[in-house]
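**Student:** Got a structure here, written out as structure tokens. Questions coming.
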Amino acid sequence: MSEVLNPFAIAQAQFDKAAVILQLDQDMAAFLRQPMREYHFTIPVRMDDGSTRVFRGYRVQYSDARGPAKGGIRFHPEETVDTIRALAAWMTWKTAVVDIPLGGGKGGVICNPKELSQTELERLSRGYMRAIARYVGLTKDVPAPDVYTDPQIMAWMMDEYEVLVGHHEAGVITGKPLALGGSAGRDQATARGGIYTVREAGKVLGLDLQGATAAIQGYGNAGTFAHNLAQSVLGLKVVAVSDSRGGIVNWEGLDPAAVQAHKRQTGSVLGFPEAEEISNSELLELDVLVLFPAALENVITGQNAGQLKARIVAELANGPTTPQADNVLYENGVYVIPDFLCNAGGVTVSYFEMVQNAYQFYWDEGMVNERLDRKMTAAFHAVHQMAQRMQVNNRVAAYLVAVDRVAQAVKLRGWI
Ligand code: NAD
């Protein structure tokens, strides 16, 4: 039987499993398995040649029961509303599992930003914000960067919003450049948060991470910082990394600064001297202690899960493991740190950015990292203990912790 790969179908199946274990009543389950609110709209953009193109945009506010919705905006040619719904659901569970007072949302535009000039991209970004301005704000819904959107795009969107509302409100959006109210430590927060969860996993499993081996799939924001921090914070020896063109391995360890310099010069990790080339699928099956999927969804499937040799899989990417693969990994005793726990460092520091914007008072990087560590460590242990108590895998346990928190908020509000 072929595996279901529609992300929203996967998100709902994962939720349904948790709802049964939590014995949620039917009305609560029906309420929480779908988004509370969705906006679908068109964005007319004047192109550089004088013509006008109409783009399709979305903003999904999956839940604001625990606080303002929170989640990124993606600019992607193959964007679908189901992908956005799934990601908005995962944001809801992610903010709940790290226990920050926010809900979950996500947005997107169907477009190919690589085909747009900078001025067209700016007009599209401002157009997107004009379409959603009345529905977002520090106390309603706070977007952030995601696939193919960056701090510059956040700066344009923030500016457009402030022009429309007539006052400063930097906290309407996070992931801004530092000079416009961004937070110290935001660039490496996703990887750093994941590294703290691996450190805690090492403790509960009784594994010594110092000098142990690791492999990283994906060498973008999450993957490169994971390489630096796996070495500097945990003492792990990263022996293999990859990007979309393929991977490299050296069992003596890969120096992060040297690999990153090579990637900057050549555009890929391939061709790095003193390493052998391997494919992305071979990388996943290497005999390492820790595997970090940090690229795409659905890379660990029912097909290859049985071949994985890692003891810990730390999911920096969203959705890298299919439900079928989850069952195989659990049976084989692989300790999976599920995505919405492992990569929650990004949204946690985005929340810190909102707090700093609201107070107009900024923290140094040491303070950000220390507070991030406390949040991630507490979240890790809440999930680990739930998994032990309920005898379920960590992904189900993370759902149990998160869904229970959101359901409590819904109940206390008297919605259900
Ligand atoms: P990015 O665009 O910076 O990097 C993605 C990397 O994946 C690139 O190196 C690319 O070459 C590589 N890649 C693409 N296709 C590949 C393939 N087929 N095989 C191997 N590698 C491939 O993206 P990012 O921000 O690092 O995000 C990576 C993952 O982490 C995504 O799933 C994202 O949703 C998740 N994530 C990122 C953040 C964040 O703050 N950056 C937060 C939460 C989750």
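**Student:** Roughly how many percent of the accessible protein surface of the range 38-180 is carbon and sulfur, given a 1.4 Å probe and a whole-percent answer? Let's see the in-between values first.
**Tutor:** Numbers: 2780 of 5360 Å².
The computed percentage sits at 52.
**Student:** Also, quick follow-up: Over what distance in Å are the Cα centres of the range 292-316 and the range 119-144 separated?
**Tutor:** When both Cα centres are located, 35 Å separates them.
**Student:** Strictly over 27 Å apart at the Cα level, which of LYS106/LYS411; LYS140/LYS411; LYS263/LYS375 would you flag in this model?
**Tutor:** As for pairs spanning more than 27 Å Cα to Cα, those are LYS263/LYS375.
**Student:** Another question about this same structure. Counting only the backbone N, which residues of the range 273-300 are under 19 Å from the spot 7 Å out from the Cα of LYS114 toward its beta-carbon?
**Tutor:** What the label zone holds, given the 19 Å backbone N cut-off, is 280, 295-297.
**Student:** Hey, another quick one. What residues have an amide H closer than 5 Å to that of PHE55, excluding those fewer than 5 places away on the same chain, when H is modeled at 1.01 Å from N in the peptide plane?
**Tutor:** ILE43, VAL45
**Student:** On a C-alpha basis, how far is the centre of the range 358-416 from the centre of the range 233-289 in Å? Whole number, if you could?
**Tutor:** 32 Å
**Student:** Per DSSP helix of 4 or more residues, -39500 (n - 2.57); summed, then divided by the residues of the chain. What does that give at 222 nm, rounded to the nearest 500? It would help to have the intermediate numbers written out before the result.
**Tutor:** Numbers: 14 runs with 189 residues, N = 416.
Value at 222 nm, helices only, nearest 500: -14500 deg cm²/dmol.
**Student:** Mind checking the per residue accessible area of the range 189-342 for me, 1.4 Å probe, whole number of Å²?
**Tutor:** Normalised by residue count, the accessible surface of the range 189-342 is 38 Å².
**Student:** Something else now. Whole-Hz Karplus ³J(HN,Hα) for the range 73-87, in order, using 6.51 cos²θ - 1.76 cosθ + 1.60 and θ = phi - 60°, x for Gly and Pro?
**Tutor:** Result, rounded to whole Hz: 10, 10, 10, 8, x, 9, 4, 10, 5, 5, 5, 5, 4, 4, 5.
**Student:** Related question: Using a 7 Å offset from the Cα along the Cα-to-Cβ direction at both GLN307 and GLU252, what is the distance between the two label points in nm, to one decimal?
**Tutor:** 2.8 nm
**Student:** Here's something else I'd like to know. Among ALA240, GLY108, LEU291, pick out the residue whose Cα is farthest towards the positive end of the charge dipole of the chain, where Lys and Arg carry +1 and Asp and Glu carry -1 on C-beta, about the Cα centre.
**Tutor:** Value: GLY108.
**Student:** Could you work out, for the chain, what percent of all Cα-Cα pairs fall into each 10 Å distance bin, beginning at 0 Å and stopping at the bin that holds the largest distance?
**Tutor:** Bins of 10 Å from zero give 5, 23, 32, 27, 12, 2, 0 percent of pairs.
**Student:** Roughly how many debye, to the nearest 20, is the charge dipole of the chain about its Cα centre, given +1 on each Lys and Arg Cβ, -1 on each Asp and Glu Cβ, and no other charges?
**Tutor:** The dipole magnitude comes to about 1140 debye.
**Student:** Under 8 Å for C-alpha pairs, at least 6 residues apart: give me the relative contact order for the range 26-158, rounded to a whole percent.
**Tutor:** That works out to 28 percent.
**Student:** For a quick protection proxy, order the peptides 81-91, 350-360, 261-271 by their average other-Cβ count within 10 Å, most packed first. Write out the running numbers ahead of the final one.
**Tutor:** Numbers: 81-91: 24.4, 350-360: 20.4, 261-271: 14.9.
Ranked from most to least packed, the peptides come out as 81-91, 350-360, 261-271.
**Student:** Normalised by the number of residues in the chain, what is the relative contact order in percent for Cα pairs under 8 Å and 6+ residues apart?
**Tutor:** 16 percent
**Student:** Determine the per residue accessible area of the range 1-151 with all protein chains present and a 1.4 angstrom probe, expressed in square angstrom.
**Tutor:** 42 Å²
**Student:** Stretched out fully, how many nm does the piece from VAL20 to SER232 gain, at 0.36 nm a residue minus the Cα gap? Each step should come with its number before you reach the end.
**Tutor:** Working: separation 212, 0.36 × 212 = 76.32 nm, distance 4.17 nm.
Extra length available between VAL20 and SER232 comes to 72.1 nm.
**Student:** Right, here's the next one. Kirkwood Rh and Cα-based Rg: tell me the resulting Rg over Rh for the range 1-106, rounded to two decimals.
**Tutor:** Details: Rg = 16.4 Å, Rh = 15.2 Å.
Rg divided by Rh gives 1.08.
**Student:** For a Förster distance of 22 Å, can you work out the FRET efficiency between the beta-carbons of ALA358 and ARG413, rounded to the nearest 0.05?
**Tutor:** Working: r = 23 Å, r/R0 = 1.03.
Efficiency, rounded to the nearest 0.05: 0.45.
**Student:** Relative contact order of the range 189-342, please, whole-number percent, based on alpha carbon pairs below 8 angstrom and at least 6 residues apart.
**Tutor:** 22 percent
**Student:** If you consider only alpha-carbon coordinates, what radius of gyration and Dmax does the range 269-416 have, in Å?
**Tutor:** Rg then Dmax for the range 269-416, in Å: 18.4, 62.
The values are calculated or read from the model by the stated rules, or taken from the named source; none is laboratory data. Just so you know, these numbers come straight off a predicted model, no measurement behind them. Using ideal geometry, Cβ is built from the backbone for each residue, glycine included, and neighbour counts are taken over all protein chains shown. The area values use the complete protein model at the heavy-atom level, side chains included, leaving out ligands, DNA and RNA. Shrake-Rupley method; radii C 1.70, N 1.55, O 1.52, S 1.80 Å.
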